[in-house]
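Below is one structure, written out as structure tokens, with a few remarks after it.
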Amino acid sequence: MPKKPASPPADARHRFTARVLASLEELASRLDGRRLAAVAGEPGSGYGLLLSALEQPEAQEALRKEDPLATARLRGIRMREELLRAEGGAVGAPEMAALLGITRQAVDKRRKAGKLLAVAAGARRWLYPSWQVADGGSLAGLEETLAVLREWSPWARLGFLLGENPRLGGERPLDTLRRGEVDRVLRAARAFGDQGAA
């Protein structure tokens, strides 16, 4: 059984919490009342709420002063969140094991062999897009596609599969795989990264 990561010392947690709460209080005072109410009323987790607040123009202005790359990093976080929510969302290893009818260890083995796509979600935790499962097994053609893309990061592979692809007439590789057109997707995968990842 993997060891649980050590908790940070209490004084470090207190310092972190105090600084973050002070920044949140400042952010809340900068936001227009109507905008603050709209953001606060959005469904989802507190993390999503924070991300929405940080995307507001008042927050962006403050962030740019402290870190010119903050806006780009926030965009990247939002894009990753959208990729994970797409097509039924992502699940942990136990849920993926249940979907495939195999053990959790077998899921881990497939991930390590590049036969299942997963992205890291913290220490020793992986999220598996649920759309990889079709009819109780792996989506046809997925393993071959992942093998072609093995040199790319998990996030790049996820972006390839869910992104519109000019080599597929603007369709997403995932949709093309679902129609059984594996060879077309493999050709597009081999060309991934050429001319702007088209």
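The values are calculated or read from the model by the stated rules, or taken from the named source; none is laboratory data. Only a predicted model underlies this, so the values are computations on that prediction, with no experimental measurement involved. As a convention, Cβ positions derive from the backbone with ideal geometry for all residues, glycine included, and neighbour counts pool all protein chains shown.
Quick notes
- Close pairs (6 angstrom Cβ cut-off, 6 or more residues apart or separate chains): over 11 Å from Leu31 (Cβ atoms) in the stretch 48-71, of a type in the set (Gly, Ala, Ser) and outside any loop (DSSP other than H, G, I, E, B) anywhere: Leu63/Ala70
- Unique match (being buried (at least 16 other Cβ atoms within 10 Å of the Cβ), in contact (Cβ under 8 Å) with a residue 60 or more places away in the chain and closer than 30 Å to Leu54 by Cβ) among Leu161, Leu83, Leu127: Leu83
- Among the residues listed as Val91, Val107, the single one being closer than 26 Å to Arg78 by Cβ, in contact with a helix residue (DSSP H, G or I) (Cβ under 6 Å, 6 or more places away or on another chain) and surrounded by 14 or more Cβ atoms within 10 Å (Cβ to Cβ): Val91
Rundown of residues vs (1) polar (S, T, N, Q); (2) over 30 Å from Leu174 (Cβ atoms); (3) assigned by TED's automatic domain parsing to the domain that holds Leu127; (4) modelled with pLDDT under 80, yes/no style:
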position	(1), (2), (3), (4)
Leu27	no, yes, no, yes
Val39	no, yes, no, yes
Tyr47	no, no, no, yes
Leu50	no, no, no, yes
Ala53	no, yes, no, yes
Ala62	no, yes, no, yes
Ala98	no, no, yes, no
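- Flag if Ser130 is under 18 Å from the mean Cα position of the chain (by Cα) and hydroxyl-bearing (Ser, Thr, Tyr): yes
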